[in-house]
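Have a look at the structure below, then the notes.
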Amino acid sequence: MARNVLAEAAIAAASLDCVGVTIGPGSFTGIRAGLALAQGLALAARIPAVGVTVGEALADSLPHLGERRLWAAVDSRRGRIFLERGESVIAVALDSLPAPKGKVAVAGNAATAVAARLAARDVDTMLTDARLPMPRHVAIVAGRRLRGELRQLQAQPLYVDPPEARAAGLRPSPAG
């Protein structure tokens, strides 16, 4: 698959400087699968794997927010959302959203629900059309990070909640 994507984009693997990968917030399995593929490609190509948060990639796709602060809202599938605001990521119930300081723009796959709740509280809210991070924006942010324009971020999972299996008590702790 990776070879086909590079061929379709007319990019030679040898010309890559790094492999950008979203590290979360998001589903446990999706994050792990994406990271495993990215780290394998980076290892094979002898280039770094560079982590990018979902909020960073979404923010790059929305360069004209003005004075609005971006809230990246990702469905956690546990009746809550992961809310990324700048360098802060929390898990919160939709009915317990924090009060924003100023105008807000909302992106992510839970943006509609978040924007509706904020608007109902008379918060100046802009619903964006950005729902998922696009590969182009992941690559742009990874390149900026590689050049030292952004703080370093390991290509490691950004977990907000413990894995569901452990949280539900379905998987016993490893014997020490």
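Averaging over all projection directions, find the projected area of the Cα convex hull of the stretch 22-115 and quote it in nm² with one decimal place.
Working: hull surface 26.7 nm².
Seen from a random direction, the Cα hull of the stretch 22-115 projects 6.7 nm² on average.
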### Message
Once you place label points 7 Å from the Cα toward the Cβ at R32 and R69, how far apart are they in nm?
### Response
3.4 nm
## Note on the structure
Expected field for D75, accessible surface area in Å² at 1.4 Å probe radius, rounded to 10, holds 70 Å²
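Among bridges DSSP assigns within the chain, what percent are antiparallel (round to 5)? Numbers along the way, then the final one.
On the way: 10 of 22 bridges.
The answer is about 45 percent antiparallel.
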#### Entry: Descending Cα extents along the principal axes, the stretch 75-165, whole Å
42, 35, 22
### Query
Using 7 Å Cα-to-Cβ label points, what is the I11/D95 separation (nm, one decimal)?
4.5 nm
#### Entry: Simple spin-label estimate for S88 and R144 in nanometres, 7 Å along Cα-Cβ
2.1 nm
#### Entry: Calculated Cα extents along the principal axes in Å (choose from [x] 62, 40, 30; [y] 59, 45, 28; [z] 52, 50, 28), label
[z]
### Query
For the stretch 28-120, with every protein chain kept in place, what is the accessible area per residue (1.4 Å probe, Å²)?
49 Å²
### Using θ = phi - 60° and Karplus 6.51 cos²θ - 1.76 cosθ + 1.60, couplings along the stretch 34-42 (whole Hz; Gly, Pro as x)
x, 5, 4, 5, 4, 5, x, 5, 5
### Task
Specify the angular offset, from 0 to 90 degrees and rounded to the nearest 10, of the alpha carbon long axis of helix 111-120 from the longest principal axis of the alpha carbons in the chain.
20 degrees
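Where the accessible area of the chain is counted over protein heavy atoms with a 1.4 Å probe, how much of it, in %, is carbon and sulfur?
Working: 5690 of 10440 Å².
With neighbouring chains kept in place, the figure for the chain is 54 percent.
The values are calculated or read from the model by the stated rules, or taken from the named source; none is laboratory data. Given the structure is predicted, the values throughout are model-derived calculations rather than measurements. Backbone-built Cβ (ideal geometry, glycine too); neighbour counts: all protein chains shown. In case anyone asks, the SASA skips ligands and DNA or RNA and just uses the protein heavy atoms, side chains included. Shrake-Rupley method; radii C 1.70, N 1.55, O 1.52, S 1.80 Å.
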